[in-house]
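Only one structure is covered here, and it is reproduced in the block below.
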Amino acid sequence: MECDASGSGIGAVLHQDSGAIAFFSRALPPRHRGLAAYERELIGLAQAVRHWRPYLWGRSFVVRTDHQPLKFILDQRLATIPQYHWVSKLLGFDFTVEYKPGRTNVVADALSRRDAKEATLLVVSAPSFNLLEAFRAAASTDEGMRQMLARVEAGALGDQWKIVDGLITYKNRLFVPATFLLLPEILAAAHNDNHEGVQRTLHRLRRDFHVEHASAAVQEYVRACPVCQWNKVEHLQFGKMSVWTLLKHYPRLEASL
């Protein structure tokens, strides 16, 4: 993994063998922009590792950075509370840090300097790249998207709605109509990697997309997911049962008492 941080954002590239398989970019919030370069680079490293946790957890990997002091991140004494906070997020990962001169770390450097308004439109994984291209093609022929595009261009929806790179965004997230053709694929991208519950899937979805009636769409998708239903555990409210009702349903308990 290669990572870099500038005064306005962070960027990272995930490699496997000799090729890049995923890209990550995010704007730094105002409270982080005034930090020292070491802390910005540390934040960028921690956020990139957390972002690609499903790919990195349990595996040994190498982090390359053009900020040489990060080579000693696991050995040096931490001086501030924010450093403790971000280093703690790296605990449990098996990695080493290598120094890569800035002139050769051009991709991660370019990603860290992208305009903050476009950061959320960057691909976050290899499957998402294909999804984004399909999204752009489907949006160009979707009638609901065309009508919304006209309303945004006319300024009828307020300042939170913008058109970035030809796509509609709300608070820097891609807008997705409830009837959009690719909505099932978008929900699958947010859910199928980890098969988490409704709230976690909704959180992952809302990082990059603004979906109409998102809660209802996610609940319906998770409810219909065959993997989740196969592994679903029935939760019984034992606290509301009397002892005799419990023994009635589980007679083997009575023999052991």
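The values are calculated or read from the model by the stated rules, or taken from the named source; none is laboratory data. Note that this is a predicted model, so its numbers are computed, not measured. Because the Cβ atoms are built from the backbone with ideal geometry, glycine has one as well, and the counts that use them run over all protein chains shown.
Just a few scattered comments:
- Which numbered condition LYS117 misses (of (1) over 23 Å from ALA46 (Cβ atoms); (2) at pLDDT 80 or above): (2)
- Close pairs from the stretch 77-91: first over 19 Å from ALA48 (Cβ atoms) and of a type in the set (A, V, I, L, M, F, W, C), partner loosely packed, with under 11 Cβ neighbours inside 10 Å and modelled with pLDDT of 75 or more, Cβ under 7 Å, at least 6 apart: LEU78/TYR84
- Those residues of the stretch 45-70 which are out of contact with any helix residue (DSSP H, G or I) (no Cβ under 7 Å at 6 or more places or on another chain) and within 18 Å of GLY11 (Cα to Cα), in sequence order: GLN47, ALA48, ARG50, HIS51, TRP52, ARG53, TYR55, PHE61, VAL62, ARG64, GLN68
- Leading residue by the ranking (farthest from PHE93 (Cα to Cα)) among those in the stretch 36-55 that are among the hydrophobic types (A, V, I, L, M, F, W, C) and over 14 Å from the mean Cα position of the chain (by Cα): ALA36
- Subset of the stretch 158-182 [more than 20 Å from the chain's Cα centre (by Cα), in a strand (DSSP E or B) and of a type outside the set (A, V, I, L, M, F, W, C)]: LYS162
- Filter result for the condition that a residue is acidic (Asp, Glu), surrounded by 12 or more Cβ atoms within 10 Å (Cβ to Cβ) and either in a loop (DSSP other than H, G, I, E, B) or modelled with pLDDT of 85 or more (or both), over GLU254, GLU234, GLU185, GLU196: GLU196
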